[in-house]
Amino acid sequence: MSKDAIRAVVVDDEPLARDELSFLLGQLDVEVVAEAGNAKAALGVVEEHGPHVAFVDLRMPGPDGIALAEALKERHPELAVVVVSAHDDGALRAYEAEVLDYLLKPVRLERLKATLERVRGQLKAGTGSEVLDRLAVKRKGGYVVVDIDDVVYFHVKDELVWAVTEDDSYALDLTLSAVTRRVPEGQFFRSHRSCLVRLSKIKTLEPSGTGTYELVLEHPDEPRVPLARERVRQLRALIPFAG
């Protein structure tokens, strides 16, 4: 095992499944530093071992792989999380939770190689601490440069992150967490796991159900974006509401 090997944690409630994936990872010069059989144990081993990537099974007793992925990303934004499942019906939820990849069982070696290339790419990019002031977006064989000051909001749709300006939308090759960490401080608010909005573009806050709200944004189309219930208090601290 090389000193620069990727360090991984494998999480699955089936010991045989853990063994099989750990064996494949070992074949690809990945050091499996720990294994876990449930979400609670996984949080502990990630905290203890500081891996580069966590491979988590989708369906486990207790919190499932998506809930675990969200918890891991909340605590360790730099951690790559890959969901592994025998079913493809969880892929949309997984990508909404901003996982790096979604692997189907039985995991094929070539497919796993591609996933590890993505992990290496994320490691090479680091945590992306530089503040974004412009975005270079690939379009029609070339690139379009988008000024961050022109972006009204970012949102996840069809497994991609989109930057929305007043006159167009641009698909980005970044996760929403990466964008959140790199936008200018104090200008944007993470209203929901799938949305990041410019604070100055929030026009109204309207109820959408019992204890839930939507934000209406200043934009020609007046888009409505969700506001997670647990983030209402955070928004109130940033924008005082009278009454």
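What the table below lists for this structure:
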item: Test result for V9, within 26 Å of E159 (Cβ to Cβ), out of contact with any strand residue (DSSP E or B) (no Cβ under 6 Å at 6 or more places or on another chain) and not in a helix (DSSP H, G or I); result: no
item: Yes/no for E110 being acidic (D, E) and exposed (fewer than 11 other Cβ atoms within 10 Å of the Cβ); result: yes
item: From the options R193, R134, residue that is of a type in the set (K, R) and surrounded by 13 or more Cβ atoms within 10 Å (Cβ to Cβ); result: R193
item: The lone exception for V156 - which of (1) touching a residue at least 24 places away in the same chain (Cβ under 8 Å); (2) touching a strand residue (DSSP E or B) at 6+ places or on another chain (Cβ under 6 Å); (3) over 15 Å from L238 (Cβ atoms); (4) in a strand (DSSP E or B) it fails; result: (2)
item: Selection count where residues are of a type outside the set (D, E, K, R), more than 17 Å from S169 (Cα to Cα) and in a strand (DSSP E or B), scope the range 195-216; result: 10
item: For L25: the one exception among (1) at pLDDT below 95; (2) farther than 24 Å from D89 by Cα; result: (1)
item: Residues within the range 48-63 that are in contact (Cβ under 8 Å) with a residue 24 or more places away in the chain and not in a strand (DSSP E or B), tallied; result: 10
item: Selection status of V45, surrounded by 15 or more Cβ atoms within 10 Å (Cβ to Cβ) and in a strand (DSSP E or B); result: no
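The values are calculated or read from the model by the stated rules, or taken from the named source; none is laboratory data. Computed from a prediction, not measured in an experiment: that's the story for all the values here. Backbone-built Cβ (ideal geometry, glycine too); neighbour counts: all protein chains shown.
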